[in-house]
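Take a look at the structure below.
The values are calculated or read from the model by the stated rules, or taken from the named source; none is laboratory data. Predicted model, so just to flag it, every value in this text is computed and none were measured. Glycine also receives a Cβ, built like all others from the backbone with ideal geometry; neighbour counts cover every protein chain displayed.
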Amino acid sequence: MADTDVLRDTGTPARIEPEVTPPSAPGEMSLVDHLVELRNRLIKVVIAIAVCSIVGFIFGDPIVGFLKAAIPGDKPLYFTGLGDAFVIKLKIAIVVGVIISMPVLLFQIWRFVAPGLTSDERRVVRPWLPLAFVFFAIGTSIAYVILPFAAGFLVSFSTNDLQPLITAGEYFNFVTAMFLAFGLIMEFPILLYGLSRVGIVTSQRLTAARRPAILGIAIFATAITPGGDLVSPTVLGLTMYVLFEGTIFFIRRSGK
């Protein structure tokens, strides 16, 4: 205070020390760094999906024939708009691109999340990455297996007065929605296991909530399947229940 008073009395302005921002801890990223990292990861994911979608577009005709075989009979699919055929092939190519590039997507998610985890958490979560792709593949495989049953069930309601004129756009919207829904829903065991590692859920809580979970699975499976048939929600619901019980078993084995 004395030095400041002397400077003020002599007319010399007091020197103000600049405010120094404390340095970040080693390895700590700022918000801007996180956003830049997220942007870079998203760019890589988009490039992977685009490249795989090109492959799906090149093989579009065999894929269309492969998926169309699920419809009973040999009737062709129709499109009414001038560019509908191109749009349909493009949609199918994008869905194929997402499915094929799923390992890249999961890897980029892991590389973005991993720096914020401890070494023990990384060790626990790392084996679940390939399982995430396996579960997704199982989901899409189940969707393809039940697709003929779902299509046959819906077409079976036709009569002499109600004959199906199936348009390609509606059919492939149905197919792609079913494939993506089944594939993504199969990831829920990994979500439950991850929540158990941070203490949000435990095997005891999941066991106590088994009856509400069964009801929720039944309602969700019925709501998420795009068709009005009975086969799709039944198979999806049973698969989700088996995975639910398996998740409880693995969470209990992990000590949670």
Checklist entry - Which condition number does LEU184 fail, the rest of (1) surrounded by fewer than 16 Cβ atoms within 10 Å (Cβ to Cβ); (2) farther than 22 Å from TYR144 by Cβ being met? => result (2)
Checklist entry - Given the conditions (1) modelled with pLDDT of 85 or more; (2) more than 29 Å from LEU129 (Cα to Cα); (3) surrounded by 13 or more Cβ atoms within 10 Å (Cβ to Cβ), and given that GLY97 satisfies all but one, which numbered condition is not satisfied? => result (2)
Checklist entry - Which members of region 41-73 meet the condition of being among the charged types (D, E, K, R) and exposed (fewer than 13 other Cβ atoms within 10 Å of the Cβ)? => result ASP61
Next on the checklist: For the structure I just gave you, tell me whether PHE244 is closer than 30 Å to PHE86 by Cα, crowded, with 18+ Cβ neighbours inside 10 Å, modelled with pLDDT of 80 or more and not charged (D, E, K, R).
Outcome noted: no
Next on the checklist: One residue is enough: does region 217-234 have a residue meeting the conditions in contact with an Asp or Glu (Cβ under 7 Å, 6 or more places away or on another chain) and part of a helix (DSSP H, G or I)?
Outcome noted: no
Checklist outcome for this item: Among the residues of region 158-171, the number that are in a helix (DSSP H, G or I) and either touching a helix residue (DSSP H, G or I) at 6+ places or on another chain (Cβ under 7 Å) or crowded, with 18+ Cβ neighbours inside 10 Å (or both) is 3
Checklist entry - Can you name the number of the only condition in (1) farther than 19 Å from VAL98 by Cβ; (2) modelled with pLDDT under 80 that LEU129 fails? => result (1)
Checklist entry - List the pairs whose first member sits in region 172-183 and is free of Cβ contacts under 8 Å to residues at least 60 places away in the same chain, whose second member is of a type in the set (Ser, Thr, Tyr), and whose Cβ atoms are under 8 Å apart, counting only residues at least 6 apart or on separate chains? => result MET178/THR225; MET178/SER232; ALA181/THR225; PHE182/THR140
